[in-house]
Amino acid sequence: MVIYMIELLDEARRLSMFTAYNTNVDAIVYLKGETVQRLIDEFGAEAVKKRMDEYPREINEPLDFVARLVHALKTGKPMAVPLVNEELQAWFDSNFKYDVERMGGQAGIIANLLANLDFSRVVVYTPHLAKRQAELFVPKANLFYPVIENGKLVLRHPREAYRESDPVKVNRIFEFRAGTSFKLGDETVTVPFSGRFIVSARFESIRIYTEEELKPFLPEIGLMSDGAILSGYQGIKLRYSDGKDANHYLREAKKDILLLKREKDLKVHLEFASIQSRELRKKVIYNLFPLVDSVGMDESEIAYVLNALGYPGLAERIFTYNRIEDTVLGGKILIDEMNLEVLQIHTIYYIMYIAHADNPLSEEELRSSLELATTLAAARASLGEIRSPEDFKVGLNVPYNERGEYVKLRFEEAKRRLRTREYKMMIIPTRLVKNPVSTVGLGDTISAGAFTSYLALLKRKGAL
């Protein structure tokens with residue numbers, strides 16, 4: 001098995017991949033009690049408590065941030081609140097010293113991962129490439145950004161292609177630890193659980209699109225690629241102040257996918273992320289899913305998708321009980337209604353593929369693709385980052401989670417109870433790292449590992 005997995009990774013590494021659209025800077029602060037105390041003292045405990053009661057849904061001013069941060073610390077629950085006032089960036093930068101700045105955003109994380117694994121060629125595209133963003137791309141000779149020079153497509157390393165005037169999206173992540181304490185007026189607050197509070201930038205200046213001068217060259221990029229991984233559509237807003245709306249950007253996104261596929265049947269994977277607005281979620285699903293070959297998501301995201309497709313009861317069951325049988329049923333509905341070639345669902349305890357019975361790969365081959373994916377994610381969790389193909393072997397030493405046998409049993413039960421003859425399905429338990437160095441990007445790592453190994457297996461069979 002070990003030799004087979006390393007051989008499969010070697011085959012995947014011969015691929016050329018294209019990834020777009022979302023990148024951002026993750027600026028991380030490791031919170032200390034005195035930092036929280038300073039903020040409370042600055043605004044006054046009563047003002048903070050009053051704003052906490054009002055529970056602002058977005059951050060327009062510093063007090064909104066302090067109130068939601070203190071609320072998260074009191075409950076010990078991880079939270080993310082959008083920052084909508086772009087002018088507040090200067091306030092954050094002057095009030096906090098960031099302990100770490102790293103690549104964020106699915107497209108950027110996946111590009112760095114594949115480049116560090118020494119894939120043949122990785123072309124990454126993001127419409128906004130400020131210097132601060134560009135410097136977070138790994139300095140690898142196989143990593144490129146597409147630019148147009150003298151009317152021709154030229155590939156340059158992202159660090160050589162940045163534009164000074166571009167906006168930069170910074171997500172500020174405040175990591176907190178259980179046991180941290182501070183005073184809120186007369187009350188002493190002790191944080192009950194470790195977690196993170198994310199201030200996610202949601203600015204009008206950051207949009208998901210392909211620049212007009214690059215659009216005509218997308219067929220050329222598609223021709224030079226073995227596969228494409230597209231993500232970031234959760235960043236689209238329903239409406240913009242300049243009169244454009246989600247429909248405009250989704251029409252352009254459809255054109256992009258069709259252009260990438262124009263010269264050959266390029267396999268395209270869409271990495272789905274939670275979209276709070278049901279209206280926008282429906283637009284993304286109905287516009288883009290039918291154009292792509294593969295979709296990746298976690299179990300809460302499949303529930304969101306099923307709810308948008310008109311299956312609220314099934315969605316509620318997945319949210320409430322998280323039964324494998326319901327996830328299998330939801331996956332069947334999704335690949336049928338959207339005519340997907342393959343659906344990949346990842347959770348903390350298992351990863352699953354659902355495909356139609358005429359898929360070129362056998363269930364055993366689908367299993368090996370999932371095995372590679374969870375091993376890659378285990379290596380990343382163990383090391384914090386994958387810096388070379390050799391790091392993959394670290395994941396091989398990570399055991400499968402303790403629910404592995406239960407997962408397999410419930411999956412076999414689900415297959416017996418549901419009509420599955422028209423499908424190929426495979427599930428494997430995840431390799432779970434007890435004390436991960438980092439959990440950021442694990443879902444993206446699973447999806448990138450699964451999709452690229454899926455392509456490698458198709459290529460082996462002459463089906464790519």
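With the structure loaded, tell me whether Ile257 is under 21 Å from the mean Cα position of the chain (by Cα) and touching a residue at least 40 places away in the same chain (Cβ under 8 Å) or whether it fails that test.
Details: under 21 Å from the mean Cα position of the chain (by Cα): yes; touching a residue at least 40 places away in the same chain (Cβ under 8 Å): no.
In short, no.
If a residue counts only when it is closer than 30 Å to Ser225 by Cα, in contact with a strand residue (DSSP E or B) (Cβ under 6 Å, 6 or more places away or on another chain) and among the basic types (Lys, Arg), which strands (runs of 3 or more DSSP E) contained entirely in region 70-142 have at least 1 such residues? Steps first, please.
Details: elements: 79-83, 100-104, 121-125.
The strands (runs of 3 or more DSSP E) meeting that bar are 100-104, 121-125.
Would you confirm whether any residue within region 185-194 is among the aromatic types (Phe, Trp, Tyr), closer than 29 Å to Leu88 by Cα and surrounded by 14 or more Cβ atoms within 10 Å (Cβ to Cβ)? Talk me through it step by step, then tell me what you get.
Step one: list which residues in region 185-194 are among the aromatic types (Phe, Trp, Tyr), which gives 193.
When the remaining residues are screened for being closer than 29 Å to Leu88 by Cα, the result is 193.
Applying the additional criterion that residues be surrounded by 14 or more Cβ atoms within 10 Å (Cβ to Cβ) yields none.
So far as region 185-194 goes, no, none of its residues is among the aromatic types (Phe, Trp, Tyr), closer than 29 Å to Leu88 by Cα and surrounded by 14 or more Cβ atoms within 10 Å (Cβ to Cβ).
For Ala456, are the conditions met, namely being on the phi < 0 side of the Ramachandran plot, of a type outside the set (S, T, N, Q) and crowded, with 22+ Cβ neighbours inside 10 Å?
Values: on the phi < 0 side of the Ramachandran plot: yes; of a type outside the set (S, T, N, Q): yes; crowded, with 22+ Cβ neighbours inside 10 Å: yes.
The answer is yes for Ala456.
Applying the selection to region 342-362, what residues are more than 30 Å from Lys434 (Cβ to Cβ), in contact (Cβ under 8 Å) with a residue 60 or more places away in the chain and surrounded by fewer than 21 Cβ atoms within 10 Å (Cβ to Cβ)?
First, pick out the residues of region 342-362 that are more than 30 Å from Lys434 (Cβ to Cβ): 342, 355-362.
From what is left, the residues that are in contact (Cβ under 8 Å) with a residue 60 or more places away in the chain are 342, 355-357, 359-362.
Correct list: His356, Ala357, Asn359, Pro360, Ser362.
Going through region 145-183 one residue at a time, which ones are charged (D, E, K, R) and touching a strand residue (DSSP E or B) at 6+ places or on another chain (Cβ under 6 Å)? Spell out the reasoning first.
Going residue by residue through region 145-183, those that are charged (D, E, K, R) are 149, 152, 156, 159-160, 163-164, 166, 169, 172, 175, 177, 183.
Correct list: Arg156, Lys169, Arg172, Glu175.
Of the numbered conditions (1) assigned to a helix (DSSP H, G or I); (2) within 30 Å of Phe174 (Cα to Cα); (3) modelled with pLDDT of 95 or more, Gln234 fails exactly one; give the number of that condition.
Every condition holds for Gln234 apart from (3).
What is the one condition in (1) more than 22 Å from Thr210 (Cβ to Cβ); (2) buried (at least 17 other Cβ atoms within 10 Å of the Cβ) that Tyr145 does not satisfy?
Only one criterion is unmet by Tyr145, namely (1).
Looking only at residues that are in contact with a helix residue (DSSP H, G or I) (Cβ under 6 Å, 6 or more places away or on another chain) and charged (D, E, K, R) in region 396-439, which one is surrounded by the most Cβ atoms within 10 Å (Cβ to Cβ)?
Among those that are in contact with a helix residue (DSSP H, G or I) (Cβ under 6 Å, 6 or more places away or on another chain) and charged (D, E, K, R), it is Arg431.
Looking at (1) under 24 Å from the mean Cα position of the chain (by Cα); (2) closer than 14 Å to Tyr353 by Cα; (3) of a type in the set (Phe, Trp, Tyr), which is the only condition Phe392 fails?
Phe392 satisfies all of (1) under 24 Å from the mean Cα position of the chain (by Cα); (2) closer than 14 Å to Tyr353 by Cα; (3) of a type in the set (Phe, Trp, Tyr) except (2).
Has region 64-81 got at least one residue that is of a type in the set (Asp, Glu) and at pLDDT below 95?
The first filter runs over region 64-81 and keeps only residues of a type in the set (Asp, Glu), leaving 64.
Filter once more, keeping what is at pLDDT below 95: none.
No; the residues of region 64-81 include none that is of a type in the set (Asp, Glu) and at pLDDT below 95.
Identify all residues within region 390-400 that are farther than 12 Å from Met5 by Cβ and in a helix (DSSP H, G or I); write none if there are none.
Glu390, Asp391, Val394
Under 6 Å between Cβ atoms, at least 6 apart or on separate chains: pull out the pairs that start in region 170-189 with a residue that is under 30 Å from Ala134 (Cα atoms) and end on any residue that is among the polar types (S, T, N, Q) and modelled with pLDDT of 95 or more.
Between residues of region 170-189 that are under 30 Å from Ala134 (Cα atoms) and residues that are among the polar types (S, T, N, Q) and modelled with pLDDT of 95 or more, the close pairs are Asn171/Asn24.
Go through Leu73, Leu39, Leu83, Leu8 for me and flag whichever is surrounded by 14 or more Cβ atoms within 10 Å (Cβ to Cβ), closer than 30 Å to Tyr145 by Cβ and either assigned by TED's automatic domain parsing to the domain that holds Val189 or more than 28 Å from the chain's Cα centre (by Cα) (or both). Before you say what the answer is, go through the steps one by one.
On the way: Leu73 fails: closer than 30 Å to Tyr145 by Cβ; Leu39 fails: closer than 30 Å to Tyr145 by Cβ; Leu8 fails: either assigned by TED's automatic domain parsing to the domain that holds Val189 or more than 28 Å from the chain's Cα centre (by Cα) (or both).
Just one listed residue meets the conditions, Leu83.
Go over the candidates Lys244, Lys261 one by one and state the one that is surrounded by fewer than 17 Cβ atoms within 10 Å (Cβ to Cβ), out of contact with any strand residue (DSSP E or B) (no Cβ under 6 Å at 6 or more places or on another chain), basic (Lys, Arg) and farther than 30 Å from Leu39 by Cα. Quick ask: steps written out before the conclusion?
Numbers: Lys261 fails: surrounded by fewer than 17 Cβ atoms within 10 Å (Cβ to Cβ).
None of the others qualify; the one that does is Lys244.
Kindly provide the set of residues from region 1-55 that are of a type in the set (Val, Ile, Thr), in contact with a strand residue (DSSP E or B) (Cβ under 9 Å, 6 or more places away or on another chain) and in a helix (DSSP H, G or I), ordered by number. Steps first, answer last, please.
Here is the first cut: in region 1-55, the residues of a type in the set (Val, Ile, Thr) are 2-3, 6, 19, 23, 25, 28-29, 35-36, 40, 48.
Within this subset, residues satisfying the condition of being in contact with a strand residue (DSSP E or B) (Cβ under 9 Å, 6 or more places away or on another chain) are 19, 23, 25, 28-29, 35-36, 40, 48.
Answer for region 1-55, where residues must be of a type in the set (Val, Ile, Thr), in contact with a strand residue (DSSP E or B) (Cβ under 9 Å, 6 or more places away or on another chain) and in a helix (DSSP H, G or I): Thr35, Val36, Ile40, Val48.
Of the conditions (1) over 27 Å from Ser438 (Cα atoms); (2) at pLDDT below 95, Glu61 satisfies every one except a single condition; which number is it?
It fails just one condition, (2).
Filter region 100-137 down to residues that are aromatic (Phe, Trp, Tyr) and within 17 Å of the chain's Cα centre (by Cα), then give me how many there are.
First, pick out the residues of region 100-137 that are aromatic (Phe, Trp, Tyr): 119, 125, 137.
Checking which are within 17 Å of the chain's Cα centre (by Cα) leaves us with 125, 137.
Result for region 100-137: 2.
Could you tell me whether Val284 is closer than 19 Å to Leu455 by Cα, in the same structural domain as Thr445 (by TED's automatic domain parsing) and either free of Cβ contacts under 8 Å to residues at least 60 places away in the same chain or surrounded by fewer than 15 Cβ atoms within 10 Å (Cβ to Cβ) (or both)? Working first, answer last.
Working: closer than 19 Å to Leu455 by Cα: no; in the same structural domain as Thr445 (by TED's automatic domain parsing): yes; either free of Cβ contacts under 8 Å to residues at least 60 places away in the same chain or surrounded by fewer than 15 Cβ atoms within 10 Å (Cβ to Cβ) (or both): yes.
It is false that Val284 is closer than 19 Å to Leu455 by Cα, in the same structural domain as Thr445 (by TED's automatic domain parsing) and either free of Cβ contacts under 8 Å to residues at least 60 places away in the same chain or surrounded by fewer than 15 Cβ atoms within 10 Å (Cβ to Cβ) (or both).
Enumerate the helices (runs of 4 or more DSSP H) found wholly within region 278-357, keeping only those where 2 or more residues are modelled with pLDDT of 95 or more and more than 22 Å from the chain's Cα centre (by Cα). Please lay out each step first, then the result.
Numbers: elements: 278-288, 299-308, 312-321, 324-338.
Fully inside region 278-357 and qualifying: 312-321, 324-338.
Considering region 296-333 alone, what residues qualify as being touching a residue at least 40 places away in the same chain (Cβ under 8 Å) and either farther than 18 Å from Gly443 by Cα or touching a His at 6+ places or on another chain (Cβ under 7 Å) (or both)?
Once the filter is applied, which keeps residues that are touching a residue at least 40 places away in the same chain (Cβ under 8 Å) and either farther than 18 Å from Gly443 by Cα or touching a His at 6+ places or on another chain (Cβ under 7 Å) (or both), region 296-333 yields Gly296, Asp298, Arg323, Ile324, Glu325, Val328, Leu329, Lys332.
The values are calculated or read from the model by the stated rules, or taken from the named source; none is laboratory data. Keep in mind it's a predicted model, so treat the numbers as computed, not measured. Quick reminder, even Gly has a Cβ in these numbers, built from the backbone with ideal geometry, and neighbours come from all protein chains shown.
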